[in-house]
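> Before I ask anything, let me first share the structure, which is written out below as structure tokens.
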Amino acid sequence: MTRYSAWSVFRNALTKQEDWDRAWRDPEPKPAYDVIIIGGGGHGLATAYYLARNHGITNVAVLEKGWLGGGNTGRNTTIVRSNYMLNANGHFYEHSLKLWEGLSQDLNYNVMFSQRGVLNIAHSSSQMESYSRRGNAMLLNGIDSELLSRDEVQKFVPDLNYSSNARFPIYGGLLQRRGGTARHDAVAWGLARGADMRGVDIIQNCEVTGILRDGDKVTGVETSRGTIRAPKIGVAVAGNTGRITEMVGMRVPIESHLLQAIVSEPLKPFIDTVVTFGVGHFYISQSDKGGLVLGGDLDGYNSYAQRGNLPTIEHVMACGVAMYPALSRIRMLRHWGGVMDMSMDGSPIIGKTPIKGFYLNCGWCYGGFKATPGSGHVFAHTIANDAPHPFNEDMTLERFSSGAVIDERGAGPTPNAH
């Protein structure tokens, strides 16, 4: 397969860009593999990539019921950060951020990772104290963070509403300069290309309809394209995790919710960072094409829907105009929804299950996209060694029965139902 370079772009320019190789193959599924990954989103593809790259396990199939980038990988606001307070999440997301920093070079594919900073705005003195605590915890874990005063925030983001009659006055903010954004579909394509180059079969339009078992271990899957056998199965299907685990009679402590985002008409450079509004759960950045990317809160009820609705659009825009009055003159072009798998402590589940050879990667809440390379890295380690990586050894399914939860904010809304 062609290695991408300035020379390859120049050479293909001489043939009108018509001679590029396919970025990945379209193979027919084989009867058996060493590992099956269910889910061809970012986490599934990253797992397959690191299984081949780090562990030499290349007889792997990634089964995707739709097309690459059609699920949550292409339905998010592309934000990358590691500003978590608790040790387990802090170490894990920082590990992922470090992988992001070298991912384009590692994949030989530009994922357009831009470290433009992520700023959390504080609107009260108590919120400043909370951010101070979080920032200090980050520093103790070796993660960069800066607590900004109101004047420093105004210098960093001058177009926010700093007026004396602002509905939500600005007291300061917590900044992580190494945070930023990446292009979500490029992440899927780059990982797919990297996995395919190492021999992984990526099989699209192949829906898993059943899990095959022999006693207490898995032996394969039934799919819309026939039976495929494997002694190890990894599940990375985000909001549809409950549907897959139901096939083996397992209930997991997560809920599926709709999370929506909106993009505006293209504008000249307006915001050169990522800003979040914690009071109303709103976040905004500007894409490389110029559109403003705005994200909101959960709908608040369980759903597998991927379509938005007007009440959330109204809520998001009200938050946006409260923060950025200039947004009232901007037209919104389109919006989308992603299926969130919300765990009950706000932290992911990555690890083994009571069924031998059956591994879970789910419960990502608001952290799925930013965790993509880190998730794949540690999940591949877990599958290859049948034991967790140090960065996910606390993210077990058993923590919900033992009480050793990782109680980060952003959890599912009805833990008493589980």
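> For the condition at pLDDT 95 or above, closer than 25 Å to I37 by Cα and not aromatic (F, W, Y), what is the one hit in V111, V157?
V111
> Within the stretch 244-293, can you find the residues that are β-branched (V, I, T), part of a loop (DSSP other than H, G, I, E, B) and closer than 30 Å to E398 by Cβ?
Hit for the stretch 244-293 is V252, nothing else.
> In addition: Can you tell me which residues in the stretch 316-355 are among the charged types (D, E, K, R) and either in contact (Cβ under 8 Å) with a residue 24 or more places away in the chain or in a loop (DSSP other than H, G, I, E, B) (or both)?
Matches in the stretch 316-355: R331, R334, D341, D345, K352.
> Same structure again: In the stretch 209-243, which residues are buried (at least 23 other Cβ atoms within 10 Å of the Cβ), within 25 Å of the chain's Cα centre (by Cα) and either among the polar types (S, T, N, Q) or not in a loop (DSSP other than H, G, I, E, B) (or both)?
Of everything in the stretch 209-243, those that are buried (at least 23 other Cβ atoms within 10 Å of the Cβ), within 25 Å of the chain's Cα centre (by Cα) and either among the polar types (S, T, N, Q) or not in a loop (DSSP other than H, G, I, E, B) (or both) turn out to be I233, G234, V235, A238, G239, T241.
> Then there is this: Are there any pairs with C-beta distances below 6 angstrom linking a residue in the stretch 94-108 that is open to solvent by 10 Å² or more (accessible area, probe 1.4 Å) to a residue that is assigned to a helix (DSSP H, G or I), with the two at least 6 apart or on different chains, and if so which?
H95/G374; L99/P373; L99/G374
> While we're looking at this one, here's another question. For L292, work out the one condition from (1) without any contact (Cβ under 8 Å) to a residue 40 or more places away in the chain; (2) surrounded by fewer than 20 Cβ atoms within 10 Å (Cβ to Cβ); (3) of a type outside the set (G, A, S) it doesn't fulfil.
(2)
> Look through L191, L174 and report the one residue that is closer than 30 Å to S130 by Cα, among the hydrophobic types (A, V, I, L, M, F, W, C) and touching a residue at least 60 places away in the same chain (Cβ under 8 Å).
Being closer than 30 Å to S130 by Cα, among the hydrophobic types (A, V, I, L, M, F, W, C) and touching a residue at least 60 places away in the same chain (Cβ under 8 Å) holds for just one of L191, L174, which is L174.
> Out of (1) in a loop (DSSP other than H, G, I, E, B); (2) hydrophobic (A, V, I, L, M, F, W, C); (3) modelled with pLDDT of 95 or more, the odd one out for A166 is which?
Of (1) in a loop (DSSP other than H, G, I, E, B); (2) hydrophobic (A, V, I, L, M, F, W, C); (3) modelled with pLDDT of 95 or more, only one is false for A166: (3).
> Let me ask another. Got a sec? Which of L175, L191 is outside any strand (DSSP E or B) and either within 29 Å of the chain's Cα centre (by Cα) or buried (at least 16 other Cβ atoms within 10 Å of the Cβ) (or both)?
L191
> Assigned to a loop (DSSP other than H, G, I, E, B) and small (G, A, S), is that true of G66?
yes
> Would you confirm whether or not the stretch 356-377 contains a residue that is more than 19 Å from the chain's Cα centre (by Cα) and not in a strand (DSSP E or B)?
Scanning the stretch 356-377, I find at least one residue that is more than 19 Å from the chain's Cα centre (by Cα) and not in a strand (DSSP E or B), so the answer is yes.
> Tell me which residues, restricted to the stretch 123-158, are open to solvent by 30 Å² or more (accessible area, probe 1.4 Å), touching a strand residue (DSSP E or B) at 6+ places or on another chain (Cβ under 7 Å) and over 15 Å from G90 (Cβ atoms).
M128, S132, E146, L147, S149, R150, F156
> Among the listed residues A46, A88, which satisfies the condition of being part of a helix (DSSP H, G or I) and touching a helix residue (DSSP H, G or I) at 6+ places or on another chain (Cβ under 9 Å)?
A46
> Follow-up question, since we're still on this one. Being open to solvent by 70 Å² or more (accessible area, probe 1.4 Å) and of a type in the set (D, E, K, R) is the filter here; which residues of the stretch 387-411 pass it?
E393, D394, E398, D407, R409
The values are calculated or read from the model by the stated rules, or taken from the named source; none is laboratory data. What you see is a predicted model, and the numbers here were worked out from it, not measured in a lab. Don't worry about glycine lacking a Cβ; one is built from the backbone with ideal geometry, like all the others, and counts go over all protein chains shown. Surface accessibility is based on the protein's heavy atoms, side chains included, excluding ligands, DNA and RNA. Shrake-Rupley method; radii C 1.70, N 1.55, O 1.52, S 1.80 Å.
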